[in-house]
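Take a look at the structure set out below.
The values are calculated or read from the model by the stated rules, or taken from the named source; none is laboratory data. Quick caveat, the model's predicted, so the values are computed rather than measured. Glycine also receives a Cβ, built like all others from the backbone with ideal geometry; neighbour counts cover every protein chain displayed.
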């Protein structure tokens with residue numbers, strides 16, 4: 001059993017509607033809400049079962065009615081003054097949760113059964129197996145008695161990206177048997193040293209509560225370690241959201257029980273104790289109905305690496321049946337990062353501005369820069385750990401598979417109606433077709449289409465369903481991505497209003513006019529190459545003048561090719577050139593002023609281009625682009641606000657790549673609707689593909705997170721005249737089947 005004081009997510013006022021109660025139940029996935037009156041007293045309980053029974057009884061169910069009409073106004077409950085064993089006895093298979101009220105019937109907590117898999121919550125932050133590690137910056141007494149130093153450490157903790165900042169509170173009169181200087185002469189030297197520091201560095205209660213408020217203002221959760229019952233009472237009066245129990249008090253069952261009776265989450269360190277003592281204390285916590293986590297800890301300062309024994313966390317998890325974490329006193333932060341890899345859901349490390357300051361904790365503390373690095377390493381590690389449920393190819397692997405792997409190809413001309421046999425199939429690179437392991441699935445199947453010698457076998461040849469081109473009708477101009485060698489076949493199969501030539505550096509060096517034997521009725525767009533010879537990635541914002549000059553030169557070559565291309569198409573306006581204009585970095589994204597500086601460089605670079613007869617449009621970009629089979633970082637044309645501001649200032653129009661921008665919004669937790677609202681008025685052209693997560697790029701329509709019906713309605717309003725192409729990754733394979741399928745799926749959406 002645990003007793004949880006974080007009840008705000010489960011409460012609803014009796015005057016709210018049934019609909020609001022149902023929405024609350026759905027949000028929490030807890031299958032119940034607790035109803036309270038104006039004065040916070042328990043008015044009743046509503047479960048999802050109660051709602052279903054009400055619906056069955058009602059001929060006309062009006063969810064606007066007050067929830068008070070259908071609640072169970074006489075639920076089973078317990079009082080906070082009841083003994084834990086008594087509360088536990090009321091829980092059963094039928095009663096899985098129990099409201100707890102105080103002597104005035106105010107709702108103060110919930111008792112329920114729980115296991116380690118459930119996790120724990122401190123205010124709005126979940127600590128559990130599927131949540132990011134909860135990082136605590138331990139100030140302790142590293143303020144050395146200075147409120148200003150403590151405030152400075154809170155600021156550094158905030159900048160490092162931690163979840164919480166922790167202090168310690170002691171009432172020396174009740175904590176030590178004697179605190180007068182003359183009475184400690186019979187104590188050990190270490191005790192005398194410690195007590196002298198505590199006297200010297202002690203803050204007043206008012207100063208401590210002011211620091212808790214300061215932490216809240218910084219967006220951090222304030223935590224505190226009460227070293228005695230008097231301090232616990234002070235912290236309870238303040239309303240500290242959760243308690244840390246020091247290793248020194250693990251065997252102090254009196255304090256453990258007292259903290260448990262506050263019904264607030266407890267984080268308990270286990271340093272200086274053996275297995276049996278930990279088991280005894282866990283039994284105390286469970287009997288008290290505590291909601292708790294255990295921290296593995298070695299209480300030496302600094303702790304020798306050979307004594308840390310991180311693998312004991314596995315045993316600690318078994319003993320505690322709870323969330324586990326790590327409180328580290330060793331030098332550096334790599335052990336704390338390793339602890340997260342081994343399952344720690346909480347990490348606590350001391351923070352200081354100077355390891356040479358007086359006090360034992362400073363020399364095992366992290367400096368602000370180091371604390372920031374630790375948090376970054378933990379978050380990077382958590383990304384790398386994943387969920388471990390199944391092996392999924394990321395976009396980079398899919399790209400490399402297409403480039404490096406092998407495919408099944410035919411070694412002779414085959415016609416529709418032939419039968420695939422093993423002697424007509426060979427294994428060749430690259431991996432654009434189906435993988436060699438599908439050979440046995442292919443043998444004996446009927447050939448569905450004519451395939452030339454060396455032609456790939458595709459998934460559709462195995463499934464038997466061929467996606468074919470047909471004419472389409474859209475409310476805005478639409479086109480298809482093409483290359484020199486396939487655009488004529490595209491025009492024969494469908495009715496695009498324009499073609500978008502996706503150029504490679506090799507395409508630019510070909511005698512492309514040999515492919516153009518007529519004046520074509522449609523218009524055209526050009527997509528500039530992103531990469532050029534020597535692994536040069538186009539970047540007109542690069543601070544290196546030589547690199548930037550090369551990028552300007554390469555984009556000017558694209559402009560020259562576009563001008564020559566215009567003579568072969570009925571393009572009524574200046575043709576668009578879509579380009580990823582820059583902002584790439586290899587190790588981390590740019591921030592703040594660095595982004596502004598790059599935009600200024602880009603503006604100067606664009607002014608050097610001869611754009612007569614063409615229009616350069618910048619492409620919105622994802623935060624994690626795929627190039628050269630790996631992932632980089634992007635910072636320009638990523639965020640809606642600075643993208644729109646740059647376009648307005650430079651009179652530059654956009655190619656809104658909805659896939660790229662959806663990935664951006666997913667990563668930063670921003671509204672995709674607001675992104676389109678902000679950038680849509682600057683948009684001349686659209687790239688349409690589905691997206692998933694933060695780097696699932698170029699997915700087929702309907703295979704990602706995008707709501708294309710809602711997007712179509714918004715685009716019709718903010719950029720009704722913008723043209724579009726379906727930019728499905730590898731959509732050109734098998735005569736463009738990916739593009740044709742995308743167009744078929746987009747047509748009903750109204751895009």
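What the table below lists for this structure:
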quantity: Among residues of the stretch 535-556, those that are surrounded by fewer than 19 Cβ atoms within 10 Å (Cβ to Cβ), within 34 Å of the chain's Cα centre (by Cα) and outside any strand (DSSP E or B), counted; calculated: 4
quantity: The stretch 452-465, subset modelled with pLDDT of 85 or more, in a loop (DSSP other than H, G, I, E, B) and within 38 Å of the chain's Cα centre (by Cα), residue nearest to residue 738 (Cα to Cα); calculated: 458
quantity: Candidates 574, 587, filtered to the one that is in contact with a strand residue (DSSP E or B) (Cβ under 8 Å, 6 or more places away or on another chain), surrounded by fewer than 20 Cβ atoms within 10 Å (Cβ to Cβ), touching a residue at least 24 places away in the same chain (Cβ under 8 Å) and within 29 Å of residue 498 (Cα to Cα); calculated: 574
quantity: Filter result for the condition that a residue is closer than 20 Å to residue 159 by Cβ and either at pLDDT below 95 or part of a helix (DSSP H, G or I) (or both), over 380, 300; calculated: 380
quantity: Residues that are surrounded by fewer than 16 Cβ atoms within 10 Å (Cβ to Cβ), in contact (Cβ under 8 Å) with a residue 12 or more places away in the chain and in a helix (DSSP H, G or I), drawn from the stretch 508-517; calculated: 513, 515
quantity: Scope the stretch 401-424; condition in a strand (DSSP E or B) and buried (at least 17 other Cβ atoms within 10 Å of the Cβ); matching residues; calculated: 407, 408, 409, 410, 414
quantity: Matching residues, the stretch 647-658, being surrounded by fewer than 24 Cβ atoms within 10 Å (Cβ to Cβ) and in contact (Cβ under 8 Å) with a residue 24 or more places away in the chain; calculated: 647, 648, 649, 650, 652, 653
quantity: Filter result for the condition that a residue is farther than 18 Å from residue 471 by Cβ, in a loop (DSSP other than H, G, I, E, B) and either in contact with a strand residue (DSSP E or B) (Cβ under 8 Å, 6 or more places away or on another chain) or at pLDDT 95 or above (or both), over 703, 697; calculated: 703
quantity: Any chance residue 731 is surrounded by fewer than 19 Cβ atoms within 10 Å (Cβ to Cβ) and in a loop (DSSP other than H, G, I, E, B); calculated: no
quantity: Meets criteria (over 30 Å from residue 201 (Cβ atoms) and either touching a strand residue (DSSP E or B) at 6+ places or on another chain (Cβ under 6 Å) or surrounded by 15 or more Cβ atoms within 10 Å (Cβ to Cβ) (or both)) for residue 359; calculated: no
quantity: Any hit, the stretch 333-351, residues being at pLDDT below 95 and surrounded by 23 or more Cβ atoms within 10 Å (Cβ to Cβ); calculated: no
quantity: One residue from 470, 449 being over 30 Å from residue 531 (Cβ atoms), assigned to a loop (DSSP other than H, G, I, E, B) and modelled with pLDDT of 90 or more; calculated: 470
quantity: Unique residue being in a helix (DSSP H, G or I), within 29 Å of residue 591 (Cβ to Cβ) and in contact with a helix residue (DSSP H, G or I) (Cβ under 6 Å, 6 or more places away or on another chain) when the list is 679, 664; calculated: 679
quantity: Condition check for residue 259: touching a strand residue (DSSP E or B) at 6+ places or on another chain (Cβ under 7 Å), part of a helix (DSSP H, G or I) and over 23 Å from residue 125 (Cα atoms); calculated: no
quantity: Unique residue being touching a helix residue (DSSP H, G or I) at 6+ places or on another chain (Cβ under 6 Å) and either touching a residue at least 40 places away in the same chain (Cβ under 8 Å) or closer than 19 Å to residue 747 by Cα (or both) when the list is 467, 443, 451; calculated: 467
quantity: Residue 676, sole failed condition from (1) without any contact (Cβ under 8 Å) to a residue 60 or more places away in the chain; (2) surrounded by 14 or more Cβ atoms within 10 Å (Cβ to Cβ); (3) more than 16 Å from residue 724 (Cα to Cα); calculated: (3)
quantity: Only one of 654, 606 that is assigned to a helix (DSSP H, G or I) and in contact with a strand residue (DSSP E or B) (Cβ under 8 Å, 6 or more places away or on another chain); calculated: 606
quantity: The listed residue being surrounded by fewer than 18 Cβ atoms within 10 Å (Cβ to Cβ), farther than 19 Å from residue 138 by Cβ, modelled with pLDDT under 90 and over 37 Å from the mean Cα position of the chain (by Cα), out of 176, 193; calculated: 193
quantity: Residue 385 being free of Cβ contacts under 8 Å to residues at least 24 places away in the same chain, over 13 Å from residue 336 (Cα atoms) and under 29 Å from the mean Cα position of the chain (by Cα); calculated: no
quantity: Qualifying residues in the stretch 9-39 (those that are at pLDDT 80 or above and within 25 Å of the chain's Cα centre (by Cα)) - the one nearest to residue 61 (Cα to Cα); calculated: 23
quantity: Candidates 616, 559, 595, 601 - the one that is in a strand (DSSP E or B) and either modelled with pLDDT of 95 or more or surrounded by fewer than 21 Cβ atoms within 10 Å (Cβ to Cβ) (or both); calculated: 616
quantity: Scan of the stretch 734-750 for residues that are over 26 Å from residue 484 (Cα atoms), part of a helix (DSSP H, G or I) and touching a residue at least 60 places away in the same chain (Cβ under 8 Å), ordered by number; calculated: 747
quantity: Odd one out for residue 618, checked against (1) within 26 Å of residue 741 (Cβ to Cβ); (2) without any contact (Cβ under 8 Å) to a residue 40 or more places away in the chain; calculated: (1)
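Conditions tested, residue by residue: (1) surrounded by 17 or more Cβ atoms within 10 Å (Cβ to Cβ); (2) under 30 Å from residue 577 (Cα atoms); (3) touching a strand residue (DSSP E or B) at 6+ places or on another chain (Cβ under 7 Å).
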residue	(1), (2), (3)
432	yes, yes, yes
441	no, no, no
458	yes, no, no
465	no, no, no
473	no, yes, no
484	yes, yes, no
488	no, yes, no
492	no, yes, no
